[in-house]
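The structure under discussion appears below in the form of structure tokens.
The values are calculated or read from the model by the stated rules, or taken from the named source; none is laboratory data. Owing to the predicted nature of the structure, the values given are computational and were not obtained by experimental measurement. No Cβ is skipped: glycine too gets one built from the backbone with ideal geometry, and neighbour counts run over all protein chains shown. Side chains included, ligands, DNA and RNA excluded: accessible areas come from the protein's heavy atoms. Shrake-Rupley method; radii C 1.70, N 1.55, O 1.52, S 1.80 Å.
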Amino acid sequence: MITTDVLVVGAGPCGLTLGVDLARRGVDALVVERGGTLFPGSRGKGLQPRTLEVFDDLGVLDAIRAAGGGYPTGVIWQDGRRTGEHRMFDPAEATEDSQYAEPLMVPQWRTQEILRTRLEELGGTVAFGREVVGIAQDEEGVTAHFASGPDVRARYLVAADGGRSGVRRALGVGMTGESVDPRPTLVADLRITGLDRDNWHIFPERGEDDGFLAICPLAGTEDFQAVAQFPEGTEVDLSLDGVRKIVAARSHLAPEDVTEVRWASDFRPRAALADRFRAGRVFLAGDAAHVHSPAGGQGLNTSVQDAYNLGWKLGAVLRDGADATLLDTYEEERRPVAAEMLGLSTRVHRGETRRGAATRQLGIGYRESSLTEETRQTPGAVRAGDRAPDGTVGGVRLFDAFRGPHWTLVAVGAPTPDALPAAVRVVHGEGVRGTYGSGLFLVRPDGHVGWAGDRAAGVVDYLSRFGQR
């Protein structure tokens, strides 16, 4: 039997992000994946600004930016002619408090490769061909049984094994939701000739049998991603010939212009939320906890941020001596965020809202969390629970000061305590008064303000809750 502190089931973006975060905290963790390789498709290709901030902290942003690019302008085609343009996202400009304004396109398979490389740099690994077929837990830990290979005994298990999560089913945790669209949707990675790579090519629905088709060049690759919808009840042909017929019927391209199908899948969009995100020593994260329409590019990003929220809490309990009840706040904080994401994705899918500020995820916060303490008499624009904005202090970016697994105390016109735990970095931030207001802002390892006050009294007591003494 293999023993570890945390067993992470699933090597998608969520599981790999959690593996990276735990590794940099010195937590012994094992990531297992039932497949023989990482997921091969482009499915979750949009990285929102908040996720880019997370990747900045985890040390993978440079590689992510080198691998991807911006979203191209959509071109609408009718009968082989360009008839208009369509912008997928509302435009946004970078600001002092948010360096990353718009989504970045990186195919999911490439994001996973980068995260896996980072995990291995930190001494972690992914064990492939390890399908969980049963779990048993007691007061001390969790034992996972596999279709092949030795059992794994862990203090905690995190199910990041996707929308059809075997771990979730083994736990008996239900999902509550609704069908977003009963029509099947094809998504495929193709090699195509006859289309430029400067535009997202959109072929509107022309009738009941010739539905919508969109073909997008995948930044950093030679591939295109095709998305097509079909009437309810259609059996979608995922073969090369089947995809060629679809493309030729709905566009001006000839069948032979599709030279290769590199990956293809079909799905029926639905929105569903796990009834619980925790069952004993097992946590649900990513698609195992919430499934959704891909419209708006929220799923992968919400999954990454699930891992980012859970990672520092597991580290606090397993390495810093924080009380294990801290782990209860994972569900408390993340389940409402996931519920809102499902609603937003559904509204975008149905054309009820644009892909605007909400989809960039910079406004997500935890003001109502039991971890949040706002002690100032007159709070300013940034309050406890909010994402801690970026800014420049003495020529140094705040995000550079935040980067790493530590806490950060931003002091704006207020004295700091005489003594602080070694894991707290202090930044005197008079230069960000216009963004933050005045006071002391204690920034959690996941970039949210946990405690805010006018005076130093209370900072040390707050930190003691997390094993920081």
| note | For the chain, the percent of accessible surface on carbon and sulfur atoms (probe 1.4 angstrom, ligands and nucleic acids excluded) is 46 percent
| message | Accessible area per residue for the range 136-220 in Å², computed with a 1.4 Å probe and the full protein assembly in place, what is it? | response | 44 Å²
| said: Can you show me the helix-derived [θ] at 222 nm for the chain, built from DSSP H runs with n ≥ 4 at -39,500 (n - 2.57) apiece and divided by the number of residues, rounded to the nearest 500. | reply: -7500 deg cm²/dmol
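Which whole-number percent gives the relative contact order of the range 163-237, counting Cα pairs below 8 Å spaced six or more residues apart?
33 percent
If you take the C-alpha gyration tensor of the range 38-145, multiply each eigenvalue by 5 and take the square root, what semi-axes do you get, largest first, in whole Å?
37, 20, 14
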| note | Note on the chain, DSSP bridge orientation, antiparallel percent to nearest 5 equals 70 percent
| In a shell of Cβ-Cβ distance under 10 Å around F146, excluding F146 itself, what net charge do Lys and Arg (+1) and Asp and Glu (-1) give? | 0
| query | Tell me, what is the percent relative contact order of the chain, built from C-alpha pairs under 8 Å that lie six or more residues apart? | reply | 17 percent
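Sum up the charges of everything whose Cβ sits under 9 Å from the Cβ of T221, counting Lys and Arg as +1 and Asp and Glu as -1, but leave T221 out.
Local charge sum for T221: -2.
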| Mind listing the Cα extents of the range 221-284 along all three principal axes, in Å, largest one first? | 55, 31, 16
| Of all DSSP beta bridges in the range 395-469, what percent run antiparallel (nearest 5)? | 65 percent
